[in-house]
1. Could you order Glu208, Glu293 by accessible surface area, starting with the largest, using a probe radius of 1.4 Å?
2. If I compute solvent accessible area with a 1.4 Å probe over the protein chains, what percent of it on the chain is carbon and sulfur?
3. Keeping every protein chain in place, order Glu254, Glu79 by accessible area at 1.4 Å, biggest value first, i.e. largest first.
4. Between Asn278 and Arg257, what is the spin-label point distance in nm, taking each point 7 Å from the Cα along the Cα→C-beta axis?
5. Expressed in whole Å with the largest first, what are the equivalent ellipsoid semi-axes of the range 245-333 derived from the C-alpha gyration tensor as the square root of 5 times each eigenvalue?
6. Accessible area per residue, 1.4 Å probe, Å², for the chain: what's the number?
7. What is the Cα centroid distance between the range 270-307 and the range 132-160, reported in whole angstrom?
8. Roughly how many debye, to the nearest 20, is the charge dipole of the range 16-98 about its Cα centre, given +1 on each Lys and Arg Cβ, -1 on each Asp and Glu Cβ, and no other charges?
Amino acid sequence: ALPISRQHAPEGRPANRLTPAEGSAVALGVEVDVASLDVMLVDIAGRELGHRRIERDFADSAPEETMALAAREAHTLLEGTLPDGALFLGTGVGLPGLVSPSRLALAPNLGWRDIPHDQLLAPLADLNPVVVANEADLAAYAVAYTRPGVAGGPSTFVYVSGEVGVGAGVIVDHRPMSGARAWSGEIGHMCADPNGPLCRCGARGCLEAYLGVRALAEHVGVPAGSGARAILRCAGLVDEAGAKTSGALGVGAEQERTRAVLAEAGAALGRVLSGVINAMDIPHVVLGGAVAELSGALLDPAREEIETRTLQAPWSSPIVEVLPDSASLTVRGAAFRVLDALVDDPAAFLG
């Protein structure tokens, strides 16, 4: 039987409405990022059934060991949360960097390069990895689709994903615009200033060298590995508990310096987004991840650059909005993409 439940209409009406049966079909989403590993089990109704997250530095890690850890976490999650009798469709995997249909070409912050998918995904082979894509592209998909097969989000936008690295996913009419090799959206390596700081990719002045959390921590002078909250505390914009402050009283030299660094990062973001908007005519930008967390200090300088540099601004001012809860969008989007196979062609799963 198909994993759907039939809701009968009142007597006399011939139509029946089909809705997803919760827990009947499920998929895993897995994300390997520089500072974390995420695994989530999602059902055909879009419900999160289970979630495991490990926060660790995976920079320059051995790919086979990291993917083996992902496989162990995925098996542990399945053992504890897979509903009885559920149809398990497979796994979607999100990775940072250039992900082609056949290989991971480059993940500069992980230090991984030119790894065929069959080699990289070997530890996950028994979990049927059927989707492998860039993490920002998958997160953008989860913004556009509120549950598998349901395009309940905005139709055309650029989703900016930022943690250690900075990337973007582009959605046009609810369809991912991934480019000729599925490598679109690498805005973290667009140039904000050719004389700017050195990026891990080897070029100077990349947006990531201004806006990536590790780059910001280095510029601000907080300990390596500090997150967005520590940077905001250094700027006097949140207190020790993470609550927002007025940010107006008792500003010392350290706070002034941190705010200047954040303002520079916001301006760099605005310059890069202006180029994206001018080139693609997509004036709707959604900020997620650490970029969203830092947005209180970034938005004003970013918007100022966008209004100045975007040709269409006098007629149609671009929209930049903040998505406050985006921590697990990549794994949700990865699972949704797997579940789409059932939504798109349910007859293929009969029997």
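1. In descending accessible area the options line up as Glu293, Glu208.
2. 50 percent
3. The most accessible residue leads, giving Glu79, Glu254.
4. Placing both labels 7 Å along Cα→Cβ, they lie 3.4 nm apart.
5. Computed over the range 245-333, the values are 25, 19, 10 Å.
6. Accessible area per residue, the chain: 46 Å².
7. Taking the Cα centre of the range 132-160 as reference, the centre of the range 270-307 is 18 Å away.
8. Magnitude of the dipole: close to 340 debye.
The values are calculated or read from the model by the stated rules, or taken from the named source; none is laboratory data. From a predicted model like this one, the values you see are computed outputs, not experimental measurements. Cβ sites come from the backbone with ideal geometry, for glycine too, and all protein chains shown count toward neighbours. What goes into the accessible areas is simple: the full protein's heavy atoms, side chains included, and nothing from ligands, DNA or RNA. Shrake-Rupley method; radii C 1.70, N 1.55, O 1.52, S 1.80 Å.
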